[in-house]
Amino acid sequence: MADPIVSFAEFEGSNATAVRIEPGDDARALIPHLDRLTLVEVTFPKFRDGRGYSSARILREAGYEGTMRAAGDVLVDQVPFMTRCGFDDFAPDVPLNEADVKAALGRYADVYQPAADARVPVWKLRHG
Amino acid sequence: MHAFQTSGNCIRNISSDQWAGAAADEVADPRPWAELLRQWSTLHPEFSYLPRKFKICLIASDEDRAAMRLHDIGIQLVERDGKLGAAFYVGGGMGRTPMIAPLIKDFVPIEDYLSYSEACLRVYNRYGRRDNIYKARIKILVHEIGAEEYARQVEEEFAHVKTLGIDPPLAELERISAMFAPPAFEASASDELDRSDPDFAVWVDQNVKPHKQAGYSIVNIALKPIGGIPGDATSAQIDVMADLAERYSFDELRVTHAQNIVLPHVAKRDLYAVWSALNDADLANANLDLISDIIACPGLDYCSLANARSIPIAQKIATRFADAERQRDVGELKLKISGCINACGHHHAGHIGILGVDKKGVENYQLTLGGSGAEDVSVGKILGPGFDEDGIVDAVEKAVEKYRNIREPGERFLDTYRRVGAEPFKEAVYG
């Protein structure tokens, strides 16, 4: 069984390996502990609250390689952005239609900017 | 322009100078740099659910024709020691809480400017307010924590972001620049102009501006006939303008935020032909930047958000000042009208601004003086109690006549207001 997920407040001083961060939590506070983390659950209480995108990218940019889960009001329109910000696991309040997700992820062949995923921006494909 | 990200809490269309690529005073053509921003911001994975919509303006001249510092981010391309860079102003805006963007960084080397933009946005995305839609724009964040603290946070974020490889190589800028290559100007085009037709000469002096290429000019078509609806043109007039653009301006025509049209590249030898065709189509209004060159939002005539009508006020004011000589004597005077506090008519930035409000079911108009959307940017201040529809027209005239009486040589309305303050105008209007 996976380790229990602790809240951001409980994480400090614990030896938990899974943590849940809310939109207002400072993801950078987790950076000293990335080695022991295997799961970061980033909550999206409302899809319009986009702070979790920055949280995810900041952790990926700091070298976090464990699971990054988007939980809450996660809709199909957000999945491509979330994937680019480093999310690789989704726990939506309302289940997503798999075919829709696939279509959304495949909609654009190229990207304009580098992010936390492996996609190469179109200018880099042009100029190397 | 594109139709991507035209709504939602994302980075919207980048705005720039309507004379870009033509203006005699630009340090570089801002359009390739704006396009680079457009690409970077399109489907940006991190910044598509910001606290609120986000508008960026990029100009390349000291003269600001795009209200740069009234945007969420205003960028001015500048040169220092022969190198191109970007000055960043962050946290401006109009609407119900008008603010002028403070300078956050005076020189960002141009090879860093997307990374710096990313840092600006990341700080906003993380810390911009999300509890109240009216306090969610970046101007509120910058105002609440202070420009210095915001700049410090951006600097810290930038030090990290710069390592991520966000800035494309110069080769990409060069690829984009080729799409904005100057048209095939005639190198030997004559700079001479036959000004013997006095009506033509008046129009040239008011509406035609210097071009960076010798022998060429920037033509501004003021869609502001006296008594007409600001910015309106008939289908026949649009055909005329399209034909003129095709024939005399390398097939290029631009729409400006001041509700006018620009033909950016007209050879001086063609100016008379262009003017004649415009004149035949009632499009040769020689009132650019004069009091009848009014910006007006659609107002209650069309808009479901409006509290008051804007267009009839604009029509009445223009009619009151129909005398062309009096207008020219008054000189540059930017009058802007909004029919509600959303400020689509940019009244905060008007030398004279008019805001229509609803007062117990009756349209009421507040008068503000001293605003500017140019390089001498400022937010206008309310002069006093509001007026009804005819009262506001009288009040504008009284303020303008006061200015004519007390101005010093060379002063525009705005300069006089700044010198003497509101009191003399209050006295003239309410006295």
query = From the residues A:Ala103, A:Ala56, A:His33, which one has its Cα farthest along the dipole of chain A in the positive direction, the dipole being from +1 and -1 charges on Cβ of Lys/Arg and Asp/Glu about the Cα centre?
reply = A:Ala103
request  = Counting only C-alpha contacts under 8 Å and six or more residues apart, can you give the relative contact order of chain B as a whole percent?
outcome  = 11 percent
message = Suppose every Lys and Arg Cβ carries +1 and every Asp and Glu Cβ carries -1, with no other charges. What dipole size does region B:295-430 come out with about its Cα centre, to the nearest 20 debye?
response = 160 debye
query = In whole Hz, what ³J(HN,Hα) sequence does region B:218-233 give by Karplus (6.51, -1.76, 1.60; θ = phi - 60°), x for Gly and Pro?
reply = 9, 9, 10, 9, 7, 8, 9, x, 4, x, x, 8, x, x, 7, 9
key: Nitroxide proxy distance, nm - points 7 Å out along Cα→Cβ at A:Asp93 and A:Asp110   = 3.8 nm
note = Diffusion coefficient in µm²/s returned for region A:6-127 by Stokes-Einstein, Kirkwood Rh over C-alpha pairs, 20 °C and 1.002 mPa s, is 143 µm²/s
query = Averaged across the residues of B:127-134, what count of C-beta atoms belonging to other chains lies within 10 Å of each residue's C-beta?
reply = 2
remark   = Listing B:Arg52, B:Arg404, B:Arg12 by rising number of other beta-carbon atoms within 10 angstrom, fewest first, gives B:Arg404, B:Arg12, B:Arg52
inquiry  = Between B:Cys303 and B:Asp197, how high is the FRET efficiency from 1/(1 + (r/R0)^6) when r is the Cβ-Cβ distance and R₀ = 45 Å? Nearest 0.05.
reply    = 0.65
key: Residues B:Ser190, B:Ser249, B:Ser48, B:Ser7 arranged by fewest to most Cβ contacts within 10 Å   = B:Ser7, B:Ser190, B:Ser48, B:Ser249
task = Would you give the gap between the C-alpha center of region B:108-123 and the C-alpha center of region A:1-73, rounded to a whole Å?
result = 26 Å
inquiry  = Let's test the formula: R0 of 60 Å, r as the Cβ-Cβ distance of B:Val357 and A:Asp100. What FRET efficiency results, to the nearest 0.05?
reply    = 0.85
message = Given bins 10 angstrom wide, list per bin the percent of all Cα-Cα distances in chain B, short to long.
response = 4, 20, 29, 27, 16, 4, 0
ask   = So if R0 is 22 Å, what FRET efficiency would B:Ala236 and B:Ala3 give, r being the distance between their Cβ atoms, rounded to the nearest 0.05?
value = 0.25
key: Calculated from backbone phi, Karplus (6.51, -1.76, 1.60) coupling profile of region B:284-295 in Hz, x at Gly/Pro   = 9, 4, 8, 10, 4, 6, 8, 4, 8, 7, 8, 8
ask   = When ranked by the protection proxy of mean other Cβ atoms within 10 Å per residue, highest first, what sequence do the peptides B:215-226, B:94-105 form?
value = B:215-226, B:94-105
Vicinal HN-Hα couplings computed from phi for region B:314-319 (Karplus, 6.51 cos²θ - 1.76 cosθ + 1.60; Hz; Gly/Pro x) = 4, 5, 5, 5, 4, 5
ask   = In what sequence do B:His257, B:His346 fall when counting other Cβ within 10 Å, fewest first?
value = B:His257, B:His346
ask   = Roughly what % of DSSP beta bridges within the protein assembly as shown run antiparallel, to the nearest 5?
value = 55 percent
task = Take peptide B:35-46, look around each residue's Cβ out to 10 angstrom, count Cβ atoms belonging to other protein chains, and average those counts.
result = 6
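Read the figures in this text as sums done on the coordinates, not as results from a lab. Keep in mind that what you see is a predicted model, and the values were worked out from it rather than measured. All Cβ positions, even for glycine, are placed from backbone atoms using ideal geometry, and neighbour counts span all protein chains on display.
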